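Okay, so here's the structure we're looking at.
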Amino acid sequence: MTVDHHRAPVLEALEDYHREGRIGFTPPGHKQARGADPAVREVLGDAVFLGDVLATGGLDDRLTRGRVLQEAQELMADAVHADHTFFSTCGSSLSVKAAMLSVAGPHEKLLIGRDAHKSVVAGLILSGIEPVWVEPRWDAGRKIAHPPSAVDFDRAFEAHPDARGALVTSPTPYGAAAPLRAIAEVCHRRARPLIVDEAWGAHLPFHPDLPSWAMDAGADICVTSIHKMGSGLEQGSVFHLKGDLVPPALLGMRADLLGTTSPSALVFAGLDGWRRQMALGGKELMGAALELAGEVRAAIGRIDGMHVDDRDDFCGPELADDFDPLPCVIDLDGLGITGYEAADWLREHRGIDAHLADHRRIGAQITHGDDRETTGELLSALRDLSRAAGSLPKAPRVDVPEPGELRMEQAMLPRDAFFGPAEEVPLSRAAGRISAEMITPYPPGIPAVLPGERLTAPVLRYLRTGLEAGMYLPDPSDPGLETVRVVDERAG
């Protein structure tokens with residue numbers, strides 16, 4: 001089969017739709033911008049509405065005989081060395097759930113790195129899958145988690161030989177990468193599939209100096225957010241499949257169960273166009289981004305009080321196995337301020353939006369969309385922050401637990417705890433109780449508390465002090481964390 005990466009089937013179909021002057025008596029109701037509020041059109045521009053057509057009965061005919069989406073997915077699979085690719089317009093939050101449901105079912109076990117995103121936990125709640133948590137490798141000095149090792153997964157399989165497969169997050173939002181090839185070998189010795197949540201790794205296939213990506217490392221299913229490090233629109237995600245441990249029809253069926261019946265052609269077009277961009281010029285684009293990131297990282301390292309975490313900081317025995325420099329994680333411990341303070345100051349005073357922020361770091365993500373103008377503004381703002389740090393009000397201290405204190409007992413299945421009888425109790429009386437909710441510092445969105453975990457005082461103290469210091473917690477039932485939702489054990 002000849003593959004032509006100059007093509008972009010979704011974009012071509014949109015072009016045909018407009019050239020042929022089609023008139024739709026179908027959704028969307030704005031009818032190619034004609035019915036949209038003029039004030040909305042002024043802000044968004046008509047191009048948004050002109051690209052917003054039905055995928056079936058608009059972009060393609062009612063029986064999808066043009067194979068528009070199928071061809072776009074086949075081209076994407078070829079670009080990243082997968083056997084099959086599925087597009088999602090609901091983000092990797094949907095994609096990872098579809099992947100999990102294709103490997104395990106209710107009350108079946110799945111090995112999962114405990115540094116998983118909250119969307120994985122949502123998948124556990126919806127499915128009733130029993131998680132077997134595999135501990136991350138903790139850097140106690142920097143107070144940061146890196147992905148589990150292959151040995152960790154091997155031991156977990158030894159203890160739980162009935163586990164249906166494994167899920168690992170790589171790279172992390174901080175840029176730390178797991179030993180994917182070794183973990184895949186651990187799984188495949190047992191004929192079990194490996195799912196890789198590679199939401200932060202859309203760019204990895206396109207330059208040899210970046211960490212290996214899942215499909216080349218032997219993973220069975222890989223979930224990737226194109227909107228994070230790629231050029232896709234928000235919510236644009238793909239999941240890839242390779243090998244014969246998971247039937248493609250089964251994965252497609254699970255995705256159909258969760259996905260919208262009204263997918264956005266705009267998001268599809270973003271996915272399709274990004275694949276063409278990367279397939280034709282990805283190595284050059286990523287090479288330029290890496291070169292720029294190297295310059296930016298070196299310049300930040302010369303700013304008083306700032307340290308850019310590098311390979312030597314993240315990689316080594318009991319740490320990460322590889323490293324992506326593009327997230328550009330800046331440690332502010334030398335300035336004596338939190339990442340929350342820094343992110344707020346940069347936005348308010350310099351119009352700079354940082355990515356992740358935690359008790360001592362911010363992330364300044366560099367992509368192929370940056371240039372010396374944008375990074376020059378970043379560096380100027382960071383120098384100003386360094387000078388202003390001493391005059392900032394002293395932020396409350398975040399009481400980050402030691403690694404051994406972060407782990408809590410999974411006393412119930414996440415689904416049973418989430419949907420079962422529950423009550424609200426004061427935070428001061430929550431230790432020892434079983435959580436009935438997720439509590440997640442965001443970003444990066446890795447839950448500190450899961451439904452079914454028995455709460456401990458160190459973790460509750462971490463969340464309370466984090467909230468007081470500026471941590472964002474989007475999901476607890478009480479955003480102020482005066483109370484916590486816990487399992488009502490009196491109800492049986």
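Read the figures in this text as sums done on the coordinates, not as results from a lab. Bear in mind the structure is a predicted one, so any value in this text is a computation, not a measurement. Because the Cβ atoms are built from the backbone with ideal geometry, glycine has one as well, and the counts that use them run over all protein chains shown.
Going by a ≥ b ≥ c, the root eigenvalues of the Cα gyration tensor, does the stretch 223-299 fall in the rounded group (a/c under 1.5), the prolate group (a/b larger than b/c) or the oblate group?
Details: a/c = 2.57, a/b = 1.93, b/c = 1.33.
In terms of gyration-tensor shape, prolate.
Using alpha-carbon pairs under 8 Å, 6+ residues apart, how would you state the relative contact order of the stretch 67-258 in percent? Write down the numbers at each step before the final one.
Numbers: 396 pairs, mean separation 49.7, N = 192.
After rounding, I find 26 percent.
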Practice item. Report, in whole Å, the centroid distance computed from the Cα atoms of the stretch 206-221 and the stretch 348-417. Key: 27 Å
Study note, to complete from the structure: Between the alpha carbon centres of the stretch 89-152 and the stretch 278-335 the gap in Å comes to 26 Å
Exercise for review: Please find the FRET efficiency linking residue 30 to residue 155, where r is the Cβ-Cβ separation and R0 is fixed at 51 Å, and quote it to the nearest 0.05.
Suggested key: 0.40
Review point. What is the magnitude of the charge dipole of the chain about its Cα centre, with +1 placed on the Cβ of each Lys and Arg, -1 on the Cβ of each Asp and Glu, and no other charges, expressed in debye to the nearest 20?
Key: 620 debye
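May I ask you to sort 345, 274, 200 by Cβ crowding, counting other Cβ atoms within 10 Å and putting the fewest first?
Ordered from fewest to most neighbouring Cβ atoms within 10 Å, 345, 274, 200 come out as 345, 274, 200.
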Review point. Which label marks the calculated value of mean projected area of the Cα convex hull in nm², given the options [x] 24.7; [y] 30.2; [z] 27.9?
Key: [x]
Check your understanding: Going by the alpha-carbon gyration tensor, a ≥ b ≥ c the square roots of its eigenvalues, is the stretch 282-391 rounded (a/c under 1.5) or, if a/c is not under 1.5, prolate (a/b greater than b/c) versus oblate?
Key -> oblate
**Study point:** Neighbour-count order for 315, 328, fewest beta carbons within 10 angstrom listed first
**Key:** 315, 328
Point to revise | Listed residue (421, 460, 294) projecting farthest to the positive dipole end of the chain, Cβ model | key: 421
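Which length gain, in nm to one decimal place, applies between residue 419 and residue 70 when the Cα-Cα distance is subtracted from 0.36 nm times their residue separation?
Details: separation 349, 0.36 × 349 = 125.64 nm, distance 3.78 nm.
Full-extension gain reported as 121.9 nm.
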Point to revise | Sequence of 144, 23 once ranked by neighbouring C-beta atoms within 10 Å, starting from the fewest | key: 23, 144
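Fully extended, how many nm does the chain gain between residue 388 and residue 353 (0.36 nm per residue separation, minus their Cα-Cα distance)? Don't jump to the answer; show the numbers that get you there.
On the way: separation 35, 0.36 × 35 = 12.60 nm, distance 1.73 nm.
Here the answer is 10.9 nm.
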Practice item. Treat every Asp and Glu Cβ in the stretch 1-124 as -1 and every Lys and Arg Cβ as +1, leave all other atoms uncharged, and give the resulting dipole magnitude about the Cα centre to the nearest 20 debye. Key: 480 debye
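Could you work out the relative contact order of the chain, using alpha carbon pairs under 8 angstrom and six or more residues apart, expressed as a whole percent?
14 percent
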Practice item. In debye, nearest 20, what is the charge dipole magnitude of the stretch 240-330 about its Cα centre with +1 on Lys and Arg Cβ and -1 on Asp and Glu Cβ, if you could check? Key: 560 debye
